[in-house]
Amino acid sequence: MTTLIFAPYHKDQSLEPLSRLVNAALGLGKEVHVATAGASDRAFAQAAAKLAGVTQVHNFAPPPTDSLGFDDMAAALAPLMDEYQALIANNTGTSKHVALHLAARLSIAPLTGISAILDRQTFERPIYAGSLIEQISSCDDKLIATIRTAHFEPVEDQPSCPIAQRSAPPSNRRVEVLEHTHTTTERPDLAQASIVIAGGRGIGSSKGFQKLEDFADHLGAALGASRIAVDMGWAPHHLQVGQTGIQIAPDLYIALGISGAVQHIAGIKDAGKIIAINKDIEAPIFKVADYGMVGDLHLLLPQLQKALAKQPSQANKPL
């Protein structure tokens with residue numbers, strides 16, 4: 001079985017999600033190809049070609065004055081599917097949308113949010129905010145699926161495989177992209193960080209959320225937020241952790257003022273260790289936390305920061 005991975009590129013993107021996707025694809029068969037798209041040069045395609053298990057890379061280069069829409073990219077991938085039995089993509093952002101558009105074009109029922117591959121036709125995925133694991137199988141001749149990459153380990157490097165340069169079709173969209181705005185930060189990417197510091201309702205305000213930044217910077221951690229913190233406007237949406245945000249699997253997750261609703265737990269249940277600070281001793285977060293502190297985080301956080309100030313900063317240091 002030959003599997004095609006769809007891997008769109010965006011500025012400052014980490015290769016790790018793609019590396020994890022390759023590991024997932026190897027669970028379907030030994031032959032793995034990658035279709036990259038969106039990069040103005042071949043650097044991302046060249047990096048993909050060095051992932052162990054990848055034997056071919058197709059690099060789609062959109063016109064420099066235009067960005068392809070989801071259906072445009074699906075149209076570019078559709079002819080390739082004659083050569084493949086399966087296509088998988090990340091379960092977030094552009095990857096998910098393109099996979100679903102492609103499934104519609106090919107009249108295939110897509111499988112979404114896959115967390116485990118049992119065999120070529122049988123898969124697992126969490127449902128009901130992660131409280132149950134569903135086992136499903138595909139009845140179509142071809143498979144299109146989106147994968148929760150946090151459930152798979154990255155692969156090693158290998159000598160580079162061949163790269164085929166392909167031209168993307170002209171866009172048929174009626175909407176013109178005027179500008180892309182990219183937020184840069186020196187903090188680790190939330191989806192890939194080893195340590196994540198997240199704030200919830202107990203933070204109290206946007207100023208309270210800003211206090212987490214020094215704490216996160218000292219630990220070399222990424223910032224996260226619960227849905228209520230995002231809904232209140234204290235944190236941007238791209239920092240939201242949970243069922244309707246990002247599902248993460250850091251080595252250490254520190255939840256500050258987060259009650260731990262089932263939708264939030266669904267996004268952190270794969271974390272290595274969970275530390276929670278909450279003034280409500282009945283908060284659900286304590287049921288999943290490895291360590292918990294009951295108290296006012298506004299009093300406890302300065303004490304933690306004072307204690308950490310005596311320790312060397314962990315910023316930019318691997319665990």
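Would you point out the residue of segment 123-146, among those that are part of a strand (DSSP E or B) and among the acidic types (Asp, Glu), that is farthest from residue 260 (Cα to Cα)? Lay out the reasoning, then the answer.
The initial filter retains those residues of segment 123-146 that are part of a strand (DSSP E or B), namely 123-127, 132-137, 143-146.
Keeping just the survivors that are among the acidic types (Asp, Glu) gives 124, 134.
Working: 124: 24, 134: 23 Å.
Only one residue fits best here, namely 124.
Could you list, in sequence order, the residues of segment 235-270 that are crowded, with 23+ Cβ neighbours inside 10 Å and of a type outside the set (Val, Ile, Thr)?
Matches in segment 235-270: 235, 240, 242, 247, 250, 253, 255, 256, 257, 264, 267.
Given 89, 52, 7, which one is surrounded by fewer than 21 Cβ atoms within 10 Å (Cβ to Cβ), within 19 Å of residue 154 (Cβ to Cβ) and either modelled with pLDDT of 90 or more or not assigned by TED's automatic domain parsing to the domain that holds residue 140 (or both)?
After ruling out the rest, the residue left standing is 52.
The rows are residues; the columns are (1) in contact with a Phe, Trp or Tyr (Cβ under 8 Å, 6 or more places away or on another chain); (2) in contact (Cβ under 8 Å) with a residue 60 or more places away in the chain.
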residue: 232; (1), (2): no, no
residue: 239; (1), (2): no, no
residue: 244; (1), (2): no, no
residue: 254; (1), (2): no, no
residue: 258; (1), (2): no, yes
residue: 274; (1), (2): yes, no
residue: 288; (1), (2): no, no
residue: 295; (1), (2): no, no
residue: 298; (1), (2): no, yes
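Scanning for something in a helix (DSSP H, G or I) and farther than 27 Å from residue 125 by Cα, does segment 192-201 turn up at least one residue? Before the answer, list the steps.
Of the residues in segment 192-201, the ones in a helix (DSSP H, G or I) are 201.
Next, from what is left, pick out any that are farther than 27 Å from residue 125 by Cα: 201.
For segment 192-201, residues in a helix (DSSP H, G or I) and farther than 27 Å from residue 125 by Cα: present.
Please work out which residue is nearest to residue 305 (Cα to Cα), limiting yourself to segment 198-214 and to residues that are basic (Lys, Arg) and touching a residue at least 12 places away in the same chain (Cβ under 8 Å).
Top of the filtered list is 211.
Restricting the search to segment 92-122, which residues are outside any helix (DSSP H, G or I) and either of a type outside the set (Gly, Ala, Ser) or in the same structural domain as residue 269 (by TED's automatic domain parsing) (or both)? First the steps, then the outcome.
Let us first name the residues in segment 92-122 that are outside any helix (DSSP H, G or I), namely 92, 107-122.
92, 108, 110, 111, 112, 114, 117, 118, 119, 120, 121, 122, listed by residue number.
With the checklist (1) at pLDDT below 90; (2) surrounded by 15 or more Cβ atoms within 10 Å (Cβ to Cβ) in hand, flag the one item residue 146 doesn't pass.
Of (1) at pLDDT below 90; (2) surrounded by 15 or more Cβ atoms within 10 Å (Cβ to Cβ), only one is false for residue 146: (1).
The values are calculated or read from the model by the stated rules, or taken from the named source; none is laboratory data. All of these numbers come straight from a predicted model, not from anything done at the bench. Every residue, glycine as well, gets a Cβ built from its backbone with ideal geometry; the counts of neighbours run over all protein chains shown.
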